1. Could you tell me which of the residues Leu221, Leu209 is surrounded by 15 or more Cβ atoms within 10 Å (Cβ to Cβ), more than 22 Å from the chain's Cα centre (by Cα) and assigned to a loop (DSSP other than H, G, I, E, B)?
2. Of all the residues that make up region 4-35, how many are in a helix (DSSP H, G or I), surrounded by 13 or more Cβ atoms within 10 Å (Cβ to Cβ) and not aliphatic (A, V, I, L, M)?
3. In this structure, does Lys466 turn out to be open to solvent by 30 Å² or more (accessible area, probe 1.4 Å) and either among the acidic types (Asp, Glu) or within 29 Å of Val35 (Cβ to Cβ) (or both)?
4. Of all residues in region 258-288, how many are closer than 28 Å to Ile87 by Cα and modelled with pLDDT of 95 or more?
5. Check region 304-324 and report whether any residue there is over 30 Å from Ala29 (Cα atoms), open to solvent by 10 Å² or more (accessible area, probe 1.4 Å) and among the hydroxyl-bearing types (Ser, Thr, Tyr).
6. Just checking, does region 45-54 include any residue being in a loop (DSSP other than H, G, I, E, B), open to solvent by less than 60 Å² (accessible area, probe 1.4 Å) and modelled with pLDDT of 95 or more?
7. Name the one entry in Ala238, Ala227, Ala265 that is crowded, with 18+ Cβ neighbours inside 10 Å and over 25 Å from the mean Cα position of the chain (by Cα).
8. Val459: open to solvent by less than 30 Å² (accessible area, probe 1.4 Å), at pLDDT below 95, more than 19 Å from Gly314 (Cβ to Cβ) and in a loop (DSSP other than H, G, I, E, B), yes or no?
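The values are calculated or read from the model by the stated rules, or taken from the named source; none is laboratory data. Bear in mind the structure is a predicted one, so any value in this text is a computation, not a measurement. Quick reminder, even Gly has a Cβ in these numbers, built from the backbone with ideal geometry, and neighbours come from all protein chains shown. What goes into the accessible areas is simple: the full protein's heavy atoms, side chains included, and nothing from ligands, DNA or RNA. Shrake-Rupley method; radii C 1.70, N 1.55, O 1.52, S 1.80 Å.
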Amino acid sequence: METWITAGYEPSLPVTEKSNPLTRDIDKADAKHIVHLLKNCDAEIFKKEWDAHESYQTLSSESVIQKMIHLAKKVEEMLKDPEESLIVMSGCGTSGRLACLLATSFNGLLKELQHDQIYSYIIAGGDKALLISQESTEDSPQRGVEMLRMACEGKKRVLFIGISCGLSAPFVAGQIDFCMHNLNVFTPVVMGFNPVKMARNEPICGWPLTFRRVLERMEELQKSNEAFIINPVLGPEAISGSSRLKGGSATKIILETIFLAGHEAFFSSKNITVHLQQSGHVYYIGWSSLGVMGVIDASECIPTFGADIEDVRGFISKGYDELKNNEGDLSSVGPAFRIGHVDFVNDVLPHVSKSDIIIFLFALDNDLHDIETLANQTKLKTSNLHAVCHAYPEFSLPIDLQKMFSSVLSIAWPAVPLESEGYHIKQELSTKWILNAISTGGHILKGKIYCNYMLDLKVTNTKLFKRAVNILQKFTRCSHSESFKALLQAIYDVEELTDAMADADVIEHTIAASTRTRVLPTALVILIRHCSVSEAKSRLDAHPVIREAVEACLAASQG
């Protein structure tokens, strides 16, 4: 039996927040072993059943498949009446970014077939969150409802899909609740990867419900197919709580399966049955939707690992014209929002050093002349240039182009892709897994992970605040109140908390934390060493690699 299933294993945590026994020593693994561990962990997505735990659904469970079939039929119905219909996907962070990718991708398919576009997306924090995390918005159910109203204005039939991997985001809970009060227009769907009984049940500031209470009402509506909960259990993430990994992959797999089945039924009349250790940077240079996958992976590293905006960045060949986001070109917001290849050439390439790694993401049916031109420009600055290339039997990577890269990871496909066959979807998912391994492995090697926990996560919403407190309790065995206090000391950078600080709600704490660095590591050292905030920060300064700093403090406390 899987260890994490047993009743005594981290009993207070939902599945998506537990640590995975498979990757407990991933922080000590070399690059090759990291990839092996991530592969084993991802394989759990496709597990047919969890031994001795029949109540946990999987992707293969009959109940999950039947819901997907029902929703595919909903998609087919909406394609028949596109003027009055809309499919809206909404989420925070990774979930919102995937919603954007899926909406633009499937709208693109419809456009090629000369059919009206029916897909839309909502991301908490707006389009700026596609590139840089806007985590605080995740805690506002009211803002979620406001954005949903705007997205659906004038539509008579809306399939709403709220994505919250941990079944925890208030932003999505508010939208689902709104849909359930307006069933004459909305069919609400929630997607996550915990059992309903593990959904977040803490009070939401300024709102009368909890996420779990919303789902319990959905369970009643689900009996009459008025609402749907799709929540297979995938097992804990490779890096505890990092739902961009398995959660993001499963989200993409499930929704694309539903949408493709609906499209096939309508159009075919078929029944639906890197290494960051040297303070280098990683730059993903992508073409078409593979470029979007690079942007998504890069944007997730900031909240996940406490990474700097420049640590990992993604660039798309045609920039926002290729991203097709709701709000259009965001380049004027700031340098971090400049995502075209021309921006890479003008803003980044002049400053590239030998410590940086540049990864081209393309398929052989992309513009090889464009790829060769940019590779030539890049080679003038660095030889640390690599490629992830999707190949086909009819095409091979020209030798001259192949020689430009230090390494080429070639993914072989059996035929030249046809849009109707969904090749780009398979290419996106395989690219996602590769990029997840690169960015996760790079941050592990950089020392951002201890055991399989994120030590330097950004405490920028209530979910991450709670996760930080849980991590402090796990590694220090201190009480909840002691861990809570140490976290506040690190957030506010004070030795003694004022009454105003102690009595503020969690959202205020997360707003204050958004301007701080190394909040969780500082709190961890405070508790391990029973020391002041200033001493904790000095100890961290003495060990630039956070994992080594924590290990040194633990060793000293046990000595």
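1. On the way: Leu221 fails: assigned to a loop (DSSP other than H, G, I, E, B).
None of the other options fit; the residue is Leu209.
2. Within region 4-35, the first condition is being in a helix (DSSP H, G or I), and the residues that meet it are 4-5, 15-17, 21-23, 26-28, 31-35.
Narrowing further to those that are surrounded by 13 or more Cβ atoms within 10 Å (Cβ to Cβ): 4-5, 15-17, 21-23, 26-27, 31, 33-35.
Among the residues that remain, those that are also not aliphatic (A, V, I, L, M) are: 4, 16-17, 21, 23, 27, 33.
So the answer is 7.
3. no
4. First, pick out the residues of region 258-288 that are closer than 28 Å to Ile87 by Cα: 258-273, 286-288.
Next, only the ones that are modelled with pLDDT of 95 or more stay: 258-259, 286-287.
Total meeting the criteria: 4.
5. yes
6. no
7. Values: Ala238 fails: over 25 Å from the mean Cα position of the chain (by Cα); Ala227 fails: over 25 Å from the mean Cα position of the chain (by Cα).
None of the other options fit; the residue is Ala265.
8. Values: open to solvent by less than 30 Å² (accessible area, probe 1.4 Å): yes; at pLDDT below 95: yes; more than 19 Å from Gly314 (Cβ to Cβ): yes; in a loop (DSSP other than H, G, I, E, B): yes.
Yes, satisfied.
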